[in-house]
Each structure stands twice: as structure tokens, then as C-alpha cells.
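Visitor: Dropping the structure in here first, questions after.
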Amino acid sequence: MWLVVGLGNPGPKYAGNRHNVGFKVVELLASRWRAGVAKEKFSGLWTKGTFAGEEAVLLQPMTYMNLSGESVQKAMTFFKVPLANVLVIHDELDIVFPEVRLKMGGGAAGHNGLKSIIQHCGGPDFLRVRIGIGRPPRGSVESWVLGDFDSLERAQLEDVLQAAALASEAVLRDGAAKAQNQFNTKPKLSKAEPKPSS
């Protein structure tokens, strides 16, 4: 069994924020997998689905971002899911929009949701689907992550969410290593294409 966690903040005030893309991908996966209606438990909303023969619990912590690990830990304990089978979907400042990348383990890089999961759930060795939001051109990081996507980003957002859903499904279907090779490899320039000058 897998535990697939989408990070975000609860309530309509935060719904369109960059910080809430994890919530949106979990909702998309629930729809794609025809999972049941989400229920309240584990200080979050959860439902269960199946993909490629793998059973998966889909969880949205309702604790606010900086306490996400409390919700994840409760669900891990209840369903007896090891940390290696936890997949966390989150926004990532260090990746440009609209890229999606997979990663196993590592630090929190200042992300309070990841920091809380590492603290409460036994370490950093869980899988992450990282949705690039880039860094703010000006202003504070907090204002950026708690701000809504702009009109140009919103035009691409559905494709980004679909890519993150596909990356999540690739982990369940093919395993982490193969999925990382698929989603983390940038397309190579063909010989006919000129290389960009430095």
C-alpha cells in the first residue's frame, strides 16, 4: 500500500495559492482513480483508490502546512505504510514553473510541510513529486508561495497538474527509479538543432 500526500493549506482563502498545488494533484488523482468521497480523519481528508494493482491512500492534511507531518504520521501508523511508500506532492521553489520532477529523500529546502514530515515521520527518505513554482522575481518568498498563480501560469496549470499526476502514477506502476528516469530526463537537442550560445 502507498500513502500519497498532497500538501497545502485548508480553506478557500488559500485554494488558488502556489503552495496548494499538492492538494490539487491529490484531487485529480482521486478523480482519475474513481476513489470514494473524501472523509475526515488523521487531521486531514482522505480517500482510497487503486492504480496499476496498487492500493493507495490519498491524503490532504488539514493542519496547515507547517504541521503536515502530524497528519501524515497518523495515516502512516493506521495503515501501516512504511516511509519508503510515502509519496509527497508539493510546490518547489528551486524548480522553474512549469517543470515537474521526482526525488527520493533529501532535505526540506525551507519547505515547512516537508520539514514537518521529516520531523514527525522518521526522516527524509520518502518520495517527492516536486512541482516547480520558481522563485519570486521580487518580494518575499512567503508572499510568493501564498500568492495565486498569475494569468500566464493559470493557462498552463492544468497541464502541470496532469504531469504531476502522471509522475505519481509512474511511481506506483513502474517503481521510483524508472519513474525518476522518465520524468527527470530533459529532452536532448537533436543534431539539426543549434545549441544555445552561452
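Visitor: Counting only residues that are in a strand (DSSP E or B) and of a type in the set (A, V, I, L, M), which one in region 80-122 is nearest to Gly132 (Cα to Cα)?
Guide: For region 80-122, the residue satisfying everything is Val100.
Visitor: So in region 112-159, with the set limited to residues that are among the basic types (Lys, Arg) and surrounded by 20 or more Cβ atoms within 10 Å (Cβ to Cβ), which one is farthest from Leu3 (Cα to Cα)?
Guide: Within region 112-159, the match that is farthest from Leu3 (Cα to Cα) is Arg130.
Visitor: List the pairs whose first member sits in region 1-26 and is over 19 Å from Ile133 (Cα atoms), whose second member is open to solvent by less than 20 Å² (accessible area, probe 1.4 Å) and assigned to a helix (DSSP H, G or I), and whose Cβ atoms are under 7 Å apart, counting only residues at least 6 apart or on separate chains?
Guide: Trp2/Leu172; Leu3/Ala75; Val4/Val26; Val4/Leu29; Val4/Ser168
Visitor: Can you tell me how many residues within region 160-176 are surrounded by 11 or more Cβ atoms within 10 Å (Cβ to Cβ) and farther than 23 Å from Asn9 by Cβ?
Guide: 8
Visitor: Continuing with the same structure: Identify all residues within region 74-107 that are open to solvent by less than 20 Å² (accessible area, probe 1.4 Å), over 12 Å from the mean Cα position of the chain (by Cα) and free of Cβ contacts under 8 Å to residues at least 60 places away in the same chain; write none if there are none.
Guide: Correct list: Ile95, Gly105.
Visitor: Filter region 1-42 down to the residues that are crowded, with 16+ Cβ neighbours inside 10 Å and part of a strand (DSSP E or B) and list them by number.
Guide: Answer for region 1-42, where residues must be crowded, with 16+ Cβ neighbours inside 10 Å and part of a strand (DSSP E or B): Trp2, Leu3, Val4, Val5, Gly6, Asn17.
Visitor: Residues to consider are Arg135, Arg173; find the one that is at pLDDT 95 or above, on the phi < 0 side of the Ramachandran plot, in a loop (DSSP other than H, G, I, E, B) and not small (Gly, Ala, Ser).
Guide: Within the list Arg135, Arg173, the selection yields Arg135.
Visitor: Quickly run through region 51-73 and pick out the residues that are surrounded by fewer than 24 Cβ atoms within 10 Å (Cβ to Cβ) and either of a type in the set (A, V, I, L, M, F, W, C) or farther than 18 Å from Ser116 by Cβ (or both).
Guide: Passing the criteria: Phe51, Ala52, Gly53, Glu54, Glu55, Val57, Met62, Leu67.
Visitor: Given the conditions (1) of a type in the set (A, V, I, L, M); (2) surrounded by fewer than 18 Cβ atoms within 10 Å (Cβ to Cβ); (3) within 30 Å of Ser151 (Cβ to Cβ), and given that Leu45 satisfies all but one, which numbered condition is not satisfied?
Guide: So Leu45 meets the others, but not (2).
The values are calculated or read from the model by the stated rules, or taken from the named source; none is laboratory data. Only a predicted model underlies this, so the values are computations on that prediction, with no experimental measurement involved. Please note: Cβ atoms are built from the backbone with ideal geometry, for glycine as well, and neighbour counts cover all protein chains shown. All accessible areas refer to the heavy atoms of the entire protein, side chains included, with ligands and DNA or RNA removed. Shrake-Rupley method; radii C 1.70, N 1.55, O 1.52, S 1.80 Å.
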